[in-house]
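Just below is one structure, and these are the notes that go with it.
The values are calculated or read from the model by the stated rules, or taken from the named source; none is laboratory data. Quick caveat: nothing in here was measured; it's all calculated off a predicted structure. Because the Cβ atoms are built from the backbone with ideal geometry, glycine has one as well, and the counts that use them run over all protein chains shown. Keep in mind that these areas ignore ligands, DNA and RNA; they rest on the heavy atoms of the full protein, side chains included. Shrake-Rupley method; radii C 1.70, N 1.55, O 1.52, S 1.80 Å.
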Amino acid sequence: GVEPGELIAIPLSEDQTPYRIDERERLKKSGARVMTIDQIDGLVPMDENRGVLDLGEDIDEEGDPPRVWCQDHKYPGTAFSRSLGDTVGEDIGVTAEPEIITKEITKGDEILVIASDGIFEFLTNQRVIDICSECDNPQQACANLLQASYEQWLHYELRTDDITCIVLFLKNGKPNDDEAVKKLMAINQRVKKVQASKKPRGGSMRQLEE
């Protein structure tokens, strides 16, 4: 259960990558191939369930994400499914169309984090909020998030990605927007159910591969 005063992370966005089943299917309908680098190089067999993760909840420890490729070429190889100005990717579904959700800030909302994927690559949504909640001010929260992300990157990789974040400590007297929270949580649960229905049975992908 939830302890009194405990903050629960509510994702306000879903990463737009081929990890998502809905994005993967949309890309395929646009003519793209969705494969990891090892798959396209023939090092591992094709598996529709490979590279299916719930980003924000799961951590990619393999380091070989599903990417977007043209049917007859080994490019563009993007690990994202939406972007601005990608003319090659646009022809195979890498669109600039955003996903938009609106939520009114209310009394129950205490912390807002806006961050690049370098933060969330190896930190879950809840871990990010936990780190922030232990801090006295947003500047300290940013510094601790950057440090935690940097350490995780060097644990899993020999490099780091862009690590950028903005943290707001909110002060608002409006009552809780329970309906908005329920809507956000329902969306999150629907995504999880779709992801779970596509995952191999009998354990995690990492366990199956080992």
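Taking the dipole about the Cα centre of the range 1-117, with the C-beta of Lys and Arg at +1 and of Asp and Glu at -1, give me whichever of Leu7, Leu55, Tyr75 is farthest to the positive side.
Of the listed residues, the answer is Tyr75.
Quick check: Cα centre of the range 112-152 to Cα centre of the range 16-84, how many Å?
Cα centres, the range 112-152 to the range 16-84: 26 Å.
Once phi is turned into θ = phi - 60°, what whole-Hz ³J(HN,Hα) does the Karplus curve with 6.51, -1.76 and 1.60 give for every residue of the range 66-82, x standing for Gly and Pro?
Whole-Hz 3J(HN,Hα) from phi for the range 66-82: x, 10, 9, 10, 5, 4, 10, 9, 8, 7, x, x, 6, 8, 10, 10, 9.
Could you work out what % of the accessible surface of the range 1-144 is carbon and sulfur, using a 1.4 angstrom probe and leaving DNA, RNA and ligands out of the count?
49 percent
Checking a compactness column here: for the range 1-150, what do you get for Rg(Cα) / (2.2 N^0.38 Å), N being the number of residues?
Relative to the 2.2 N^0.38 Å estimate, the range 1-150 comes out at 1.21.
List the residues, sorted by chain then number, that are 5 or more residues from Thr36 or on another chain and whose placed amide H is less than 5 Å from its amide H.
Counting only residues 5 or more places away or on other chains, the set is Arg67.
At a Cα cut-off below 15 Å, give the aspartates and glutamates reachable from Lys74, other chains included and same-chain residues fewer than 8 away excluded.
Qualifying aspartates and glutamates at Cα under 15 Å: Asp38, Asp41, Asp91.
Beta carbons within 10 angstrom, averaged per residue: use that to sort the peptides 111-119, 132-140, highest first.
Order by mean packing, descending: 111-119, 132-140.
Keeping every protein chain present and rolling a 1.4 Å probe, give me the accessible area per residue for the range 12-153 in Å².
53 Å²
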